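Accompanying notes for the structure given below.
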Amino acid sequence: MKSGIPKGERVVVAVDGPAGAGKGAVCRAAAWHFGLAYLETGALYRAVGLIAARAGLTDPAELARAAAAMPFAYRPLGEGRHGAFLGEEEVSLALRAEAVGQAASRVAALPEVRQALLGFQRRYGAGLNLILDGRDVGSVVWPDADLKIFLTASLEERARRRALELQARGEAVNLAELIASMAERDARDAGRVHAPMEPAFGAVVVDTTAMSMEESCAAVIARIAPVLGRS
Ligand code: DC
């Protein structure tokens, strides 16, 4: 299957999987290691979720229009760091909130919204070797990716990691509530009709439940190296 936009000679690595499996950390590590462009596609859905929550939007057509028109961009913050922006507002931290993840998962079930975000994902990093993470990157966005990885871990372990992340930001965490919230989001993302979360055809499944973050990064980097012709 082809995505509709020519991939050309560049290498595309698609990483999908549930929240808390470590997708962001391993993709950032691999992008840095190999000099790849990186797109966290969840940030786009989170941005639409944030806009929806702020403006009280629920109508699919209105949400799709907002998604197509949103001024989303990654901009340099200095010292090699980048931030997610909606227009002039830096929203990196706002996008990480658990409630915004839930809002993102709800708008992501709408085919109109998914369609509106497809072009941005396919045009991103044009001409550059690219790694993307999300839920349907290997199945829908780049079905002709050179390497597809489905990164996963047990629900309990993923919730434990997310709890540490939230605590590090000074947020109060109730682990039982977090497990319930993540289970609800998994069920919605995997159970939806359009582009459900599932290992893409040909994807390598990497289970990080028993791995440290360093081991997870090393496992993924080892899979990417031969695809790029590196050792
Ligand atoms: O990866 P994340 O947790 O930041 O994603 C937030 C939500 O966005 C997720 O629950 C489902 C949705 N999403 C999606 O449907 N497809 C993607 N490619 C990425 C995210």
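The values are calculated or read from the model by the stated rules, or taken from the named source; none is laboratory data. Everything numeric here is computed off the predicted structure, so don't read it as measured data. Glycine also receives a Cβ, built like all others from the backbone with ideal geometry; neighbour counts cover every protein chain displayed. All accessible areas refer to the heavy atoms of the entire protein, side chains included, with ligands and DNA or RNA removed. Shrake-Rupley method; radii C 1.70, N 1.55, O 1.52, S 1.80 Å.
Observations on the model:
- Options Ala203, Ala104, Ala168, ranked by Cα towards positive dipole end of the chain, top entry (Cβ charges): Ala203
- Per residue, the convex hull around the alpha carbon atoms of the chain comes to 128 Å³.
- Taking the DSSP beta bridges with both ends in the chain, the antiparallel portion is around 30 percent.
- Phi to ³J(HN,Hα) by Karplus 6.51 cos²θ - 1.76 cosθ + 1.60 over region 40-52, Hz, x for Gly, Pro: 8, 5, x, 4, 5, 5, 5, 4, 5, x, 5, 4, 4
- Stokes-Einstein D for region 62-160, Kirkwood Rh over Cα pairs, 20 °C, 1.002 mPa s (µm²/s): 137 µm²/s
- Count Lys and Arg as plus one, Asp and Glu as minus one, and take only other residues whose Cβ is under 11 Å from that of Ala31; the net charge is then -1.
- Of Asp189, Asp133, Asp207, the one that fluctuates the most in a GNM where the chain has Cα springs shorter than 10 Å: Asp207
- Residues of region 141-177 with amide N under 14 Å of a point placed 7 Å along Cα→Cβ from Leu93: 166-172
- log10 of Debye I(q)/I(0), alpha-carbon scatterers only, for region 1-118 at 0.18 Å⁻¹: -1.07
- For region 86-96, the Karplus equation 6.51 cos²θ - 1.76 cosθ + 1.60, evaluated at θ = phi - 60°, returns couplings of 10, x, 8, 8, 7, 10, 3, 6, 4, 5, 7 Hz by residue, with Gly and Pro reported as x.
- Bins of 10 Å, starting at 0 and running to the largest distance - Cα pair percent for region 148-194: 25, 47, 24, 4
- In order along region 16-33, the phi-based Karplus estimate (6.51 cos²θ - 1.76 cosθ + 1.60, θ = phi - 60°) of 3J(HN,Hα) comes to 10, x, x, 4, x, 6, x, 4, x, 5, 6, 5, 4, 5, 5, 4, 5, 4 Hz; Gly and Pro are listed as x.
- Region 67-166, relative contact order in percent, only Cα pairs under 8 angstrom and at least six apart counted: 14 percent
- Semi-axes of the equivalent ellipsoid for region 125-206, Cα gyration tensor, largest first, Å: 28, 16, 11
- Across the chain, the longest run free of exposed loop sites, meaning GluC sites (Glu not before Pro) lying outside DSSP classes H, G, I, E and B with no more than 14 other Cβ atoms within 10 Å, spans 89-170.
- Positive-pole candidate from Ala67, Ala52, Tyr38, dipole of region 27-75, charges at beta carbon: Tyr38
- For the chain, the dipole from Cβ point charges (+1 on Lys and Arg, -1 on Asp and Glu) about the Cα centre works out to 440 debye, to the nearest 20.
- At a probe radius of 1.4 angstrom, the accessible area of the chain per residue rounds to 47 square angstrom.
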